[in-house]
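The values are calculated or read from the model by the stated rules, or taken from the named source; none is laboratory data. Every value quoted in this text rests on a predicted model; they were computed, and no experiment measured them. Neighbour counts are summed over all protein chains in view; Cβ atoms, including those assigned to glycine, are modelled from backbone coordinates with ideal geometry. The area values use the complete protein model at the heavy-atom level, side chains included, leaving out ligands, DNA and RNA. Shrake-Rupley method; radii C 1.70, N 1.55, O 1.52, S 1.80 Å.
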Amino acid sequence: MKNLKYHNKHQGFTLIELLVSFAILTTGVSAAMGLIAQSLKSSTYIKNELIASYIAVEGIELVRNHRDNNSLKGSNWISGLNNCENNDGCTVNPIDGKISSCGSKCDPLNYETDINSVLYGMYNHEGKTSTNAATIFTRKITISKDGDFPNAGEREIVSEVRWNDRYGAHDFTLRNHIFDWIESN
């Protein structure tokens, strides 16, 4: 009988052992879930920031392209960009090169999703359609005025991309200088 009591006494877990193991398991699962949530937040932010950087670079390139076209036509190199020379900034549509003042707020960029469209994969300011969907990104381009630089043939372009996602408001700003390359030769 004595051996039987001893054997039953050490068989199974006590309530305290179960509570401690449950607490350890809960802590481990909670930490893993927190790590997964943070990883998702980081990957979403990195993806959006990468897209924003490409959109900002495109904004700079659109202004350079406009400058080059003006120079090739024999026009003033900065002609047509005066909508961008105020604090409201402007948008430049990459499809047709149309420059529009932002006013109080820039319109969001659209993204063409139709694989059969010549615009497929482009962020643009064409109208919203069933395949040209609005995005979370807006791009505002501002250009310095004549008096901001001592050299009349120089301007600073600021391409600012903003977006809101479930983690808050974000922005990506890119600055670059352009020159009147015809004047400077």
### Task
Mind telling me which of the residues N132, N110, N164 ends up being free of Cβ contacts under 8 Å to residues at least 40 places away in the same chain and more than 17 Å from the chain's Cα centre (by Cα)?
N132
### Message
Suppose we keep only residues that are open to solvent by less than 60 Å² (accessible area, probe 1.4 Å) and of a type outside the set (A, V, I, L, M, F, W, C) within region 27-42. Which one would you say is farthest from M122 (Cα to Cα)?
### Response
G28
### Query
Of all residues in region 165-185 being charged (D, E, K, R) and in a strand (DSSP E or B), which is most open to solvent (accessible area, probe 1.4 Å)?
R175
### Task
Kindly provide the set of residues from region 134-164 that are under 13 Å from G89 (Cβ atoms) and either of a type in the set (K, R) or not in a strand (DSSP E or B) (or both), ordered by number.
R139, K140, S144, K145, R162
### Query
Does region 14-37 contain at least one residue that is modelled with pLDDT under 90, β-branched (V, I, T) and under 30 Å from N164 (Cα atoms)?
yes
### Query
For region 108-140, what are the residues that are among the aliphatic types (A, V, I, L, M) and open to solvent by less than 50 Å² (accessible area, probe 1.4 Å)?
L109, L119, A133
### Query
Across region 135-160, which residue is farthest from S100 (Cα to Cα) among those that are among the basic types (K, R) and touching a residue at least 60 places away in the same chain (Cβ under 8 Å)?
R155
### Subset tally (residues that are closer than 19 Å to D96 by Cα, in contact with a strand residue (DSSP E or B) (Cβ under 7 Å, 6 or more places away or on another chain) and among the charged types (D, E, K, R)) for region 40-69
2
